[in-house]
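S.K.: Handing you a structure now.
Every read-out reported here was derived from the displayed coordinates using simple, explicitly stated rules and does not represent laboratory data. Note that the structure is predicted; figures quoted are calculated from it, not measured. Please note: Cβ atoms are built from the backbone with ideal geometry, for glycine as well, and neighbour counts cover all protein chains shown.
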Amino acid sequence: MTDEIDEETVFTRTGTVPAPPVGNADVNWDEFDSQAYFQHNYGELRRDDARIIEIIANFFQTAIPKRLGRAIDVGSGTNLYPALTMLPYSSRVTLFERAFTNRAWLSHELEEPNGSWKYFWDAIASGRLPYANIGDPIDVLHSRADVTRGNIFSLEEDRYDMGTMFFVAESITTRIDEFERAARLFVNSLHRNAPFAAAFMRDSSGYLVGNQFFPACSITEVEVARALAPVARNLHIELVESNDLREGYGGMMVATGRKK
Ligand SMILES: C[S@@+](CC[C@H](N)C(=O)[O-])C[C@H]1O[C@@H](n2cnc3c(N)ncnc32)[C@H](O)[C@@H]1O
């Protein structure tokens, strides 16, 4: 018998080992399957999105900026409705996106839009004159949109008059420090007093797009408030019931407010 451990000995640890954190830079975002994500999420208007639309369209209508300004939607993915809610108040709309696949999808979508946007627009415009006055919203968005390659962690400060960020800060990393940084950088990209709306998945454990799994940071309204409080005022966070999108999350959250 010898005390030396054979090189080929395999050690097996029992019990659960915490998964290592997955940061935003650990993911190849250019593998994001845009068409699968669109079909699953925006092929039709669901009740949760209709409720979010109600909250943010009402908010923008009352928080109207005095002049037409520059708007930004951060991490647009394949979702046009956040940008559409800013349309009556913006002269340019930056669709700011890291994934090449999503930028290509957005450019094509503005040329040849899917029919489902009609239902999203009807929900936005119904009973709201500034929206209802716009005849062909996708055409107007097309003429004002700049599909822009960008990384939220490099967003410049004090650039835009209003902004939206939907399911991004918590859905691009498992790291709470990156979630907080992303949420604050989004708000900081706006001018002082600029209105914003942001949506978040609650208690998400990550998500599949096509065959690929993407990381998420499990947060509640407490973490959203903590992340935004240093940079936002008039902060209002509302929970939106949602349970049939997929497994592994506990509803949605919408934050509205103004840049401090
Ligand atoms: C869960 S999707 C949300 C897409 C869309 N906003 C929506 O409402 O469904 C997350 C999006 O963030 C983008 N993204 C990931 N990392 C990013 C980064 N560092 N900067 C900007 N966008 C990023 C992804 O490519 C993807 O489009």
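S.K.: For segment 200-248, just say rounded, prolate or oblate: build the C-alpha gyration tensor, square-root its eigenvalues into a ≥ b ≥ c, call rounded for a/c under 1.5, and beyond that prolate if a/b exceeds b/c, oblate if not.
M.R.: Numbers: a/c = 3.13, a/b = 1.96, b/c = 1.59.
Taking the square roots of the gyration eigenvalues as a ≥ b ≥ c, segment 200-248 is prolate.
S.K.: Amide H neighbours of Val240 under 5 Å, at least 5 residues apart or on other chains, H built in the peptide plane: list them.
M.R.: Answer set, sorted by chain and number: Met252, Met253, Val254.
S.K.: Let me ask something else. With θ set to phi - 60° and the Karplus curve 6.51 cos²θ - 1.76 cosθ + 1.60, what are the ³J(HN,Hα) couplings of segment 167-182 in order, to the nearest whole Hz, using x for Gly and Pro?
M.R.: 6, 10, 3, 8, 10, 10, 5, 9, 8, 5, 5, 6, 4, 4, 5, 4
S.K.: In percent, how large is the relative contact order of segment 29-259, given Cα pairs closer than 8 Å and 6 or more residues apart?
M.R.: Result for segment 29-259 is 21 percent.
S.K.: Right, here's the next one. Spelling out what I want: for every residue of segment 220-225, take phi, set θ = phi - 60°, compute 6.51 cos²θ - 1.76 cosθ + 1.60 (Karplus), and round to whole Hz; glycine and proline get x.
M.R.: Karplus-based 3J(HN,Hα) across segment 220-225 equals 10, 4, 5, 5, 4, 4 Hz.
S.K.: Let me ask something additional. What FRET efficiency comes out for the pair Asn193/Asn58, r = Cβ-Cβ distance, R0 = 22 Å, nearest 0.05?
M.R.: Between Asn193 and Asn58 the formula returns 0.70.
S.K.: Of the peptides 143-151, 164-172, how do they stack up when ordered by the mean number of other Cβ atoms within 10 Å, highest first?
M.R.: The packing order, highest mean first, is 164-172, 143-151.
S.K.: Please list, ordered by chain and number, the residues whose modelled amide H lies under 5 Å from the amide H of Val209; skip anything fewer than 5 residues away on the same chain.
M.R.: The list, which skips near neighbours in sequence, is Phe214.
S.K.: Round to the nearest 0.05 the FRET efficiency obtained for Asp122 and Asn28 when R0 = 45 Å and r is the Cβ-Cβ distance. Walk me through the intermediate numbers first.
M.R.: On the way: r = 37 Å, r/R0 = 0.81.
E between Asp122 and Asn28, to the nearest 0.05, is 0.80.
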